[in-house]
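Notes to accompany the following structure.
The values are calculated or read from the model by the stated rules, or taken from the named source; none is laboratory data. The structure displayed is predicted, hence computed values, not measured ones. As a convention, Cβ positions derive from the backbone with ideal geometry for all residues, glycine included, and neighbour counts pool all protein chains shown.
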Amino acid sequence: MELVRKAVRWASFVLLAALVVTPLAQITMRGVFNVPLAGAEELAKYFLICLTFLSAAYVTREGGQIRMEEFQFLLPPKPRWILQLVIEISGIALFGVLFVAAVITITRNLNSVTPVLEIPFLLFFAPLALGSLLLVVETLAMLVHTWRTRRPEAKRTVLS
């Protein structure tokens, strides 16, 4: 699993760089050479979608998701532990539904493409399916960890 996490992290870095470079290239091509880069906006949207869904599992793993820990710490340990279990179970259910919905949408639109760049719909929706599957796995790992420790998770807010 660590190899997958490392691959997701590096893919996120590459996608972030592509998301920055694409509009920069569009501005340069249009401003300096007076030749607009066709499809740059659609490509930047695609990179944003990929970055958002693929990096979500890494962010969850590192404790960067909104967890409202300040409110959780107002509760005694046992109810806080139960609340954390409920949150993780709810997350698994939500991300599982998102994964199934993405797979169904992909299978129903296999012959469709995006308007400008004609990116196949499969490729366009793949980050949603893969990202939600990774979120299910990471949230399940968090659930197993919380269950095994039999105590609430300590505060993990990551600010960077």
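Matching residues to (1) touching a Leu at 6+ places or on another chain (Cβ under 7 Å); (2) among the polar types (S, T, N, Q):
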{"residue": "Leu48", "(1), (2)": "yes, no"}
{"residue": "Thr52", "(1), (2)": "no, yes"}
{"residue": "Gly63", "(1), (2)": "no, no"}
{"residue": "Trp81", "(1), (2)": "no, no"}
{"residue": "Gln84", "(1), (2)": "no, yes"}
{"residue": "Leu117", "(1), (2)": "yes, no"}
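Taking the options Leu24, Leu43, Leu83, name whichever one is under 20 Å from Ala154 (Cα atoms) and more than 16 Å from the chain's Cα centre (by Cα).
One residue alone meets the criteria, Leu83.
Could we say that Thr52 is at pLDDT below 90, under 30 Å from Glu153 (Cβ atoms) and either in a helix (DSSP H, G or I) or touching a Pro at 6+ places or on another chain (Cβ under 8 Å) (or both) here?
Values: at pLDDT below 90: no; under 30 Å from Glu153 (Cβ atoms): yes; either in a helix (DSSP H, G or I) or touching a Pro at 6+ places or on another chain (Cβ under 8 Å) (or both): yes.
So Thr52 fails the test.
Which residues, taken from the range 101-122, are touching a Gly at 6+ places or on another chain (Cβ under 7 Å) and surrounded by 14 or more Cβ atoms within 10 Å (Cβ to Cβ)?
Hit for the range 101-122 is Leu117, nothing else.
Being without any contact (Cβ under 8 Å) to a residue 24 or more places away in the chain and among the hydrophobic types (A, V, I, L, M, F, W, C) is the filter; apply it to the range 123-157 and report the residue that is surrounded by the most Cβ atoms within 10 Å (Cβ to Cβ).
Here is the first cut: in the range 123-157, the ones without any contact (Cβ under 8 Å) to a residue 24 or more places away in the chain are 123, 125-126, 144-145, 148-149, 154.
Filter once more, so that each one left must be among the hydrophobic types (A, V, I, L, M, F, W, C): 123, 125-126, 144, 154.
Working: Leu123: 13, Phe125: 20, Ala126: 17, Val144: 11, Ala154: 8.
Of everything passing the filter in the range 123-157, Phe125 is surrounded by the most Cβ atoms within 10 Å (Cβ to Cβ).
Would it be correct to say that Glu70 is in a helix (DSSP H, G or I), buried (at least 16 other Cβ atoms within 10 Å of the Cβ) and among the acidic types (Asp, Glu)? Show your work before the answer.
Numbers: in a helix (DSSP H, G or I): yes; buried (at least 16 other Cβ atoms within 10 Å of the Cβ): no; among the acidic types (Asp, Glu): yes.
No; evaluated as a whole, the condition is false for this residue.
Go through the range 19-44 residue by residue and tally those that are part of a helix (DSSP H, G or I) and on the phi > 0 side of the Ramachandran plot. Explain how you work it out, then say what you get.
Going residue by residue through the range 19-44, those that are part of a helix (DSSP H, G or I) are 19-31, 40-44.
Imposing the further condition that a residue be on the phi > 0 side of the Ramachandran plot reduces the set to none.
Result for the range 19-44: 0.
Within the range 80-95, take every residue that is in contact (Cβ under 8 Å) with a residue 24 or more places away in the chain and β-branched (Val, Ile, Thr) and give me the one that is surrounded by the most Cβ atoms within 10 Å (Cβ to Cβ).
Ile92
Any residue in the range 117-136 that is acidic (Asp, Glu), more than 24 Å from Lys6 (Cα to Cα) and out of contact with any Cys (no Cβ under 7 Å at 6 or more places or on another chain)? Walk me through how you get there before you give the answer.
Keep residues of the range 117-136 that are acidic (Asp, Glu), which gives 118.
Subset that is more than 24 Å from Lys6 (Cα to Cα): 118.
Retained after the next criterion (residues that are out of contact with any Cys (no Cβ under 7 Å at 6 or more places or on another chain)): 118.
Yes, some residue in the range 117-136 is acidic (Asp, Glu), more than 24 Å from Lys6 (Cα to Cα) and out of contact with any Cys (no Cβ under 7 Å at 6 or more places or on another chain).
Please verify whether the range 111-118 includes one or more residues that are over 30 Å from Leu37 (Cα atoms) and of a type in the set (Asp, Glu). Working first, answer last.
Here is the first cut: in the range 111-118, the residues over 30 Å from Leu37 (Cα atoms) are none.
Checked against the condition, which is being over 30 Å from Leu37 (Cα atoms) and of a type in the set (Asp, Glu), the range 111-118 yields no hits at all.
Residue under question is Glu88, and the condition is that it be in a helix (DSSP H, G or I), touching a Leu at 6+ places or on another chain (Cβ under 9 Å), under 24 Å from Arg5 (Cα atoms) and among the acidic types (Asp, Glu); does it hold?
Working: in a helix (DSSP H, G or I): yes; touching a Leu at 6+ places or on another chain (Cβ under 9 Å): yes; under 24 Å from Arg5 (Cα atoms): yes; among the acidic types (Asp, Glu): yes.
Yes; evaluated as a whole, the condition is true for this residue.
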